[in-house]
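The structure appears below as structure tokens.
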Amino acid sequence: MTSRRAVSLVLAMSGAFAGAHALAADASTAPVLEEIIVTAEKRSQNLQDVPISVVAISAQQIKDAGITDIRNLAILTPGLTVTSEGNEAITTARIRGIGTVGDNPGLESSVGVNIDGVYRPRNGVAFGDLGEIEQIEVLYGPQGELFGKNNDAGVINVTTKRPSSTFGAMAEVTGGNFTDQEYRASITGPLSDIMSGRLYAGFQQNKGFLQVVNGVGPSTQNNTNDRHAYNVRGQLLITPRDDMDFLFIADYAKRNESCCSAVVEYPGPFQGLVNVFASTPALGGRSGALGDSPLIGQPGVVRLPNSYTAYANQIITQHVRDMGFSGEFNWNLGFGKLTSITAWRDNTVTGGNDVDYTGIDLLSFPDNGNANSTDFKQFSEELRLAGKVDSLNWLVGGFFNNEILSTRTLGATGNQFETYISAVAAASIGQPFNPLLVSQLTGDAPGATFGDTGYNDGYQQTARSFALFTNETWNITQGLDLTAGLRGTEEKKTATASYNSIGGGPGCGALLNSSLVSPTSPLAGTNAQAFLLGYGCYTGLNPFFAGTGFDQSNTENNLSGTLKLSYRFNEEAMVYVSGANGYKAGGYNLSRVTFPADPTSPNPLAKIGLVPDDSTHFPRETVESGEVGIKTTLFDKTLRLNAAAFYQRYHDFQLNTFTGIQFVVTSLDRVVSKGVDVDFAWATPISGLTIAGGVTQDLTNITNFGNALPDFCGGPGNGCTARDNNRLSFAPLWSGALSASYLLPVSGTLGIRTSVEEKYNSSYNTGSDLDPRKIQEGFGLLNARIGFGALDESWSIEAWGANLADKYYYAVAFDSPFQFNTISSYLGAPRTFGLTARVKFK
């Protein structure tokens with residue numbers, strides 16, 4: 001498919017609009033759309049009055065679609081993709097094809113996430129059960145002027161339900177396939193004349209959809225990508241006077257899960273060797289026999305059949321603790337409203353993984369306390385004063401944010417690392433199966449060169465930013481408004497690293513001191529030499545990092561602004577034109593980095609790319625954008641139809657690429673995103689039937705690679721198949737969302753409620769290097785729910801399903817570590833289904 005399905009979706013919408021027009025004559029008896037109030041400009045406004053492309057999702061839509069976190073929000077939002085990688089803390093949102101590429105914690109998010117007014121420093125920190133949601137707003141395009149740095153692609157603004165002054169309670173129980181169990185409950189009500197509260201708790205567990213083959217062990221896990229999580233959220237609202245209120249929110253979430261593993265999609269030329277080692281524990285550290293023939297397969301061009309089977313000999317775990325506290329103060333001073341939001345948050349992720357994703361004992365991140373961990377601590381304060389004088393709506397404010405990021409990585413080689421790279425090197429030059437090549441070169445006992453080696457690195461990054469901002473809307477004349485905004489930001493960021501080698505084996509140093517690197521060696525210049533040095537001296541085992549580190553610091557100043565002109569013809573139609581710029585802060589690659597290999601260098605280490613680079617800074621990413629849009633409310637408020645055309649040009653776009661051995665952060669000189677957004681909502685003449693949806697047509701292309709070209713397929717020095725095009729990863733040309741909900745009363749007190757949602761994306765590449773094997777073909781995800789219960793929502797029983805067509809699709813495809821020319825992928829969830837029972841008291 002391609003654009004055909006997207007065009008069909010547009011035509012279907014057009015037919016729906018035509019039907020609405022034909023029935024307009026009978027609109028006096030038709031339902032009308034409710035007014036939607038949004039805070040996209042940090043003040044309450046009708047959605048149709050905001051000169052920004054915004055998709056607002058109501059509490060009912062969220063409930064119908066089963067949305068509990070930002071990842072499954074994408075089902076209702078065209079142009080939005082949300083993916084997770086090696087663990088679910090590495091969750092990335094992208095809008096109009098723009099988002100942070102890669103999972104390096106040093107890179108900040110391009111799509112900002114705000115929950116109850118509190119900025120979350122990374123998308124993954126915002127991943128988890130959001131509790132009782134009142135509304136979600138997805139703002140398209142740069143939003144740096146009001147929402148600050150790291151919102152140069154858009155903002156996801158989540159508002160949860162506040163405490164109520166009247167009593168209410170709810171409870172729900174869910175059961176589904178993969179032994180899914182979910183329990184949620186909340187209670188709200190008055191605590192005194194001036195105080196009310198709300199308490200929410202949730203729990204979910206399932207066994208995971210990936211089966212695991214353990215190979216040589218020691219892991220005995222049968223499944224992974226499971227869920228075992230609980231969270232609690234409490235709110236206290238104090239209203240001492242009519243013009244003043246305090247809202248305090250505290251939340252705590254804990255997850256102990258197995259996540260995440262990957263499956264092989266395109267096996268490389270040495271898959272036969274992988275199979276032999278995975279089934280032969282004796283080919284480990286101290287033993288192994290020479291064979292008679294190489295085991296070389298096809299060179300990574302034949303895709304395996306779809307499979308939900310992963311391979312991991314080491315245990316896969318994920319422990320997440322997320323907690324925070326915020327206080328919001330609102331005071332109407334008469335001439336303006338003062339708002340203060342103070343927040344503190346702490347998010348910690350620890351765990352372990354089999355990072356080579358095979359049944360071989362090659363390399364693992366052990367689950368050993370905080371040895372493999374990432375911790376974000378954040379304090380933020382936002383202060384705003386907003387009011388209206390005659391024809392001027394004004395707003396001024398300040399923002400302070402302090403983040404401390406600490407991350408540790410412990411990588412340990414396995415018993416089969418040495419014998420495996422020996423066999424790969426021998427096979428690469430057509431020699432017989434030889435798992436002892438390394439020991440033959442170094443003179444060490446078999447398995448002693450790389451036995452018990454690895455690395456244990458620590459990083460800390462602090463970021464302190466301060467901003468002043470203003471946003472003014474001047475009503476020039478009736479219907480004509482001019483909005484101008486400005487934000488000045490200063491940020492200081494420091495980063496330190498400590499590199500440590502572990503284990504007793506000489507490792508890479510023994511290879512460098514052996515005949516392997518001699519110009520007269522029979523292996524000189526061969527694939528065998530390249531594999532032994534590439535794997536045996538990869539950055540984690542590079543001895544020249546041992547005992548070193550870095551200490552870097554940088555201060556940035558940035559001025560962002562926006563200018564918007566809107567004109568309302570009447571109650572039904574408004575047009576606008578806007579321009580804005582924004583930026584995403586520069587940062588540091590929190591990983592071991594070496595200078596690129598330079599064959600012309602007189603330094604023998606530089607020739608093979610082993611010289612550490614202690615300057616890992618990458619520059620800020622900037623964007624200039626323009627948008628022209630129209631917002632309409634038609635046919636006696638039964639149809640809301642909005643459209644926008646946009647152009648966004650990014651400079652120094654931050655790109656993080658995993659090569660199969662190390663992470664490389666580079667900057668693309670220029671990326672352009674341009675296209676059209678359309679969204680609609682229709683209260684049909686059929687009582688109880690509402691249809692909503694939208695389409696984003698977006699061409700997001702790399703127009704100038706700059707110095708990053710070698711990191712892409714087809715680039716100089718890159719041996720993979722040439723890329724199909726220059727479209728940025730995760731940037732489908734077409735993205736459409738369509739949903740329908742229908743409430744059918746069957747008596748005066750009972751009814752049936754049904755809802756259906758489909759999200760379609762045309763094909764897009766899931767790999768940052770644009771390897772065509774990482775392309776996800778166009779696909780649609782179909783969700784549905786049908787429930788029977790009381791019309792007053794006091795009880796209901798619902799049957800639901802997600803991905804009902806059971807589509808097999810990549811979340812992210814990547815180069816498999818230590819497996820030349822092999823492509824693996826993290827997968828999206830297959831078909832899930834279940835039953836939910838709800839009760840509600842009020």
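The values are calculated or read from the model by the stated rules, or taken from the named source; none is laboratory data. None of these values were measured; they are calculated from a predicted model. No Cβ is skipped: glycine too gets one built from the backbone with ideal geometry, and neighbour counts run over all protein chains shown. Areas reflect the complete protein model, heavy atoms only, side chains present, ligands, DNA and RNA absent. Shrake-Rupley method; radii C 1.70, N 1.55, O 1.52, S 1.80 Å.
Numbers at a glance
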read-out	value
Meets criteria (open to solvent by 60 Å² or more (accessible area, probe 1.4 Å) and not in a loop (DSSP other than H, G, I, E, B)) for LEU383	yes
Hey, GLY586 surrounded by fewer than 19 Cβ atoms within 10 Å (Cβ to Cβ), touching a strand residue (DSSP E or B) at 6+ places or on another chain (Cβ under 7 Å) and under 25 Å from VAL672 (Cβ atoms) or not	no
Within segment 192-225, tally of residues that are free of Cβ contacts under 8 Å to residues at least 40 places away in the same chain, in a loop (DSSP other than H, G, I, E, B), more than 19 Å from GLY351 (Cβ to Cβ) and of a type outside the set (D, E, K, R)	1
Selected residue (criterion: most open to solvent (accessible area, probe 1.4 Å)) from residues of segment 692-712 that are among the small types (Gly, Ala, Ser) and at pLDDT below 95	GLY706
All positions within segment 721-780 that are touching a Leu at 6+ places or on another chain (Cβ under 7 Å) and among the acidic types (Asp, Glu)	GLU757, GLU758
Matching option when the condition is closer than 30 Å to PHE833 by Cα, out of contact with any helix residue (DSSP H, G or I) (no Cβ under 6 Å at 6 or more places or on another chain) and of a type in the set (Ser, Thr, Tyr), among THR239, THR220	THR220
Subset of segment 402-414 [under 22 Å from the mean Cα position of the chain (by Cα), more than 25 Å from GLY485 (Cβ to Cβ) and open to solvent by less than 20 Å² (accessible area, probe 1.4 Å)]	LEU405, THR407
Residue count, segment 771-793 (criterion: touching a Lys or Arg at 6+ places or on another chain (Cβ under 7 Å) and closer than 18 Å to LEU744 by Cβ)	2
Any hit, segment 597-607, residues being part of a strand (DSSP E or B), β-branched (Val, Ile, Thr) and over 27 Å from the mean Cα position of the chain (by Cα)	no
Verdict on GLY131 being touching a residue at least 60 places away in the same chain (Cβ under 8 Å), open to solvent by 10 Å² or more (accessible area, probe 1.4 Å), out of contact with any Lys or Arg (no Cβ under 7 Å at 6 or more places or on another chain) and not in a strand (DSSP E or B)	no
Selection from segment 502-531 of residues that are open to solvent by less than 40 Å² (accessible area, probe 1.4 Å), in contact (Cβ under 8 Å) with a residue 12 or more places away in the chain and within 29 Å of THR548 (Cβ to Cβ)	GLY505, GLY507, CYS508, GLY509, ALA510, LEU511, LEU512, SER514, LEU516, GLN529, PHE531
Index of the failed condition, ALA463 passing every other in (1) modelled with pLDDT of 95 or more; (2) under 30 Å from LEU362 (Cβ atoms); (3) open to solvent by less than 20 Å² (accessible area, probe 1.4 Å)	(2)
Residue within segment 405-425 that is under 26 Å from PRO240 (Cα atoms) and either modelled with pLDDT of 95 or more or in contact with a Lys or Arg (Cβ under 8 Å, 6 or more places away or on another chain) (or both) present	no
Residue match in segment 160-177 (condition: at positive phi and at pLDDT 95 or above)	no
Breaking point among (1) of a type outside the set (Val, Ile, Thr); (2) under 30 Å from GLY148 (Cα atoms); (3) in contact with a helix residue (DSSP H, G or I) (Cβ under 8 Å, 6 or more places away or on another chain), for TYR455	(2)
Residue in segment 423-435 that is of a type in the set (Gly, Ala, Ser), in a helix (DSSP H, G or I), buried (at least 16 other Cβ atoms within 10 Å of the Cβ) and without any contact (Cβ under 8 Å) to a residue 40 or more places away in the chain present	no
Single unsatisfied condition, THR358 versus (1) touching a Phe, Trp or Tyr at 6+ places or on another chain (Cβ under 6 Å); (2) under 30 Å from ASN123 (Cα atoms); (3) open to solvent by less than 10 Å² (accessible area, probe 1.4 Å); (4) not in a loop (DSSP other than H, G, I, E, B)	(4)
Matching residues, segment 543-567, being in a strand (DSSP E or B), open to solvent by 60 Å² or more (accessible area, probe 1.4 Å) and either under 30 Å from GLU627 (Cβ atoms) or at pLDDT below 95 (or both)	ASN557, LEU559, LEU563, LEU565, TYR567
One residue from LEU634, LEU641, LEU689 being modelled with pLDDT of 95 or more, over 29 Å from LEU559 (Cα atoms) and surrounded by fewer than 18 Cβ atoms within 10 Å (Cβ to Cβ)	LEU689
Residues being open to solvent by less than 40 Å² (accessible area, probe 1.4 Å), in contact (Cβ under 8 Å) with a residue 60 or more places away in the chain and in a strand (DSSP E or B) - total across segment 226-276	17
Failed criterion for SER186 (all others in (1) in contact with a Lys or Arg (Cβ under 8 Å, 6 or more places away or on another chain); (2) among the small types (Gly, Ala, Ser); (3) open to solvent by 40 Å² or more (accessible area, probe 1.4 Å) hold)	(3)
Elements of type strands (runs of 3 or more DSSP E) contained in segment 713-822, each with 3 or more residues being at pLDDT 95 or above and open to solvent by 40 Å² or more (accessible area, probe 1.4 Å)	734-745, 750-761, 779-790, 795-802
Test: residue in segment 29-40 that is modelled with pLDDT of 90 or more, part of a helix (DSSP H, G or I) and either within 28 Å of the chain's Cα centre (by Cα) or under 19 Å from GLY693 (Cα atoms) (or both)	no
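Let's see how each residue does on (1) more than 25 Å from the chain's Cα centre (by Cα); (2) modelled with pLDDT of 95 or more:
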site: ASP367; (1), (2): no, no
site: ARG384; (1), (2): yes, yes
site: TRP394; (1), (2): yes, yes
site: PHE400; (1), (2): no, yes
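Residues are listed down the side, and each one gets a yes or a no for (1) assigned to a loop (DSSP other than H, G, I, E, B); (2) aliphatic (A, V, I, L, M); (3) surrounded by fewer than 22 Cβ atoms within 10 Å (Cβ to Cβ); (4) modelled with pLDDT of 90 or more:
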residue	(1), (2), (3), (4)
LYS63	no, no, yes, yes
THR68	yes, no, yes, no
ALA74	no, yes, no, yes
THR81	no, no, no, yes
THR92	no, no, no, no
GLY106	yes, no, no, no
SER109	yes, no, no, no
